[in-house]
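The values are calculated or read from the model by the stated rules, or taken from the named source; none is laboratory data. Here the structure is a predicted model, which means the values were calculated and not measured. Virtual Cβ from ideal backbone geometry, glycine too; neighbours counted across all protein chains shown.
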Amino acid sequence: MKIVVIGGTGLIGSKLVAKLGEHGHEAVAAAPATGVNTLTGEGLEEVLKGAEVVIDVSNSPSFEEAAATEFFETSNRNLLAAESAAGVGHHVALSVVGTDRMAAIDHDPQSTSGYFRAKAAQEKLIQNSSVPYSIVHATQFYEFVGAIADVSTQGDTVRLPSVLIQPMAAEDVAKAVGRVSVGTPVNGITEVGGPEQYELDEFVRIALAARKDPRIVVADPNGKYYGMAIEERTLVPGDDAVLGDLHLGDWLAAQVTERK
C-alpha cells in the first residue's frame with residue numbers, strides 16, 4: 001500500500017520509510033526537502049494521491065508554546081483536510097508518553113510544558129477530524145540522553161530528579177509506528193516504551209559513562225526534566241504498553257562500535 005510519511009527525512013521518519021519499503025509498501029518521504037510543506041500546504045494534494053495511510057512524525061522546530069502551537073495546529077489542519085479530500089483511510093501520529101501530564105505542569109516560561117500543551121492541541125485536532133486515526137505515545141528515545149544531560153548541567157554536574165523513565169531506541173519507535181500504520185485504526189492511543197525502567201539520573205549516568213563523558217550525575221530532589229518539575233511516573237507508560245526489544249546496554253555498545 002502507499003504510505004506517506006510526513007517528516008520522512010528525519011530520525012524516525014527515515015527509519016520508517018526504509019522499514020515499510022522492506023515490507024513491500026510504497027513508502028513516500030514527505031518533507032520540505034522533498035517538496036511537501038504541511039505549513040503552507042505545498043505538495044500535499046499531489047503526494048496524497050492514492051495514499052491509504054499517512055504517518056505524521058514531523059515536529060515543531062521550537063519548544064516555545066506559541067510557536068509550537070502554531071506549527072502543530074497549522075500543519076495538522078492542512079494535513080487532515082488534505083487527507084479527507086484524498087480519501088486517506090488511516091492517519092497515524094507520533095506523540096509522547098505523558099503528554100497530558102506534562103501539559104498540566106505550570107506555565108513557567110523556562111519550562112517546556114508549553115510544548116506538550118501544543119502536542120495536546122495536535123492530538124485534539126486529530127481526534128476531532130473525520131479521518132480514522134491512531135496516536136502512538138512513545139517514551140523518550142535513547143538518542144536524546146545527551147540533550148537531557150545538557151539541559152540539566154551546572155558546571156561539571158548534571159542534576160536530575162530520581163523519577164522513573166522507560167526509554168527506547170529510535171529503531172524500536174519506528175518499528176512500533178510502522179506496525180500500527182499497517183493495522184486497523186484504533187481511534188485512540190497506543191503506548192510504546194523501552195524494555196527496562198530506570199531512575200532518570202541512573203539512565204543519564206550510565207549513558208554518559210559509556211561515552212566517557214566526565215560530567216558527574218547527581219540525584220537532586222529539586223532537579224527538573226527539560227525545565228519541568230515532574231512526578232515519579234510522569235515519563236513511564238501504563239502496564240499495557242507495547243515494549244521495544246533493544247536494551248540500553250546493547251544500544252550503547254553499538255554506539256561505541258560505530259564511533260571506532
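Summary table below
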| read-out | value |
| --- | --- |
| Single residue of GLY223, GLY183 found to be buried (at least 17 other Cβ atoms within 10 Å of the Cβ) and not aromatic (Phe, Trp, Tyr) | GLY223 |
| Filter result (exposed (fewer than 13 other Cβ atoms within 10 Å of the Cβ) and over 21 Å from ALA138 (Cβ atoms)) within segment 226-260 | ALA253, VAL256, THR257, GLU258, ARG259, LYS260 |
| Answer residue from segment 163-176, given it is out of contact with any Phe, Trp or Tyr (no Cβ under 6 Å at 6 or more places or on another chain) and more than 9 Å from ILE12 (Cα to Cα) and is surrounded by the fewest Cβ atoms within 10 Å (Cβ to Cβ) among those | LEU164 |
| Options VAL192, VAL151, VAL186; residue that is closer than 30 Å to LEU20 by Cβ, of a type in the set (Val, Ile, Thr) and in contact with a Gly (Cβ under 8 Å, 6 or more places away or on another chain) | VAL192 |
| Search result, residues across segment 104-147 that are modelled with pLDDT of 95 or more, acidic (Asp, Glu) and farther than 25 Å from ARG205 by Cβ | GLU123 |
| From LYS49, LYS15, LYS19, residue being among the charged types (D, E, K, R) and either in contact with a Lys or Arg (Cβ under 7 Å, 6 or more places away or on another chain) or buried (at least 23 other Cβ atoms within 10 Å of the Cβ) (or both) | LYS19 |
| Single match in ALA207, ALA241 (criterion: in contact with a Ser or Thr (Cβ under 9 Å, 6 or more places away or on another chain) and not charged (D, E, K, R)) | ALA241 |
| Top-ranked residue in segment 219-248 [being more than 17 Å from the chain's Cα centre (by Cα) and part of a strand (DSSP E or B); ranked as farthest from THR99 (Cα to Cα)] | ALA219 |
| VAL92 vs. criteria crowded, with 21+ Cβ neighbours inside 10 Å and modelled with pLDDT of 95 or more | yes |
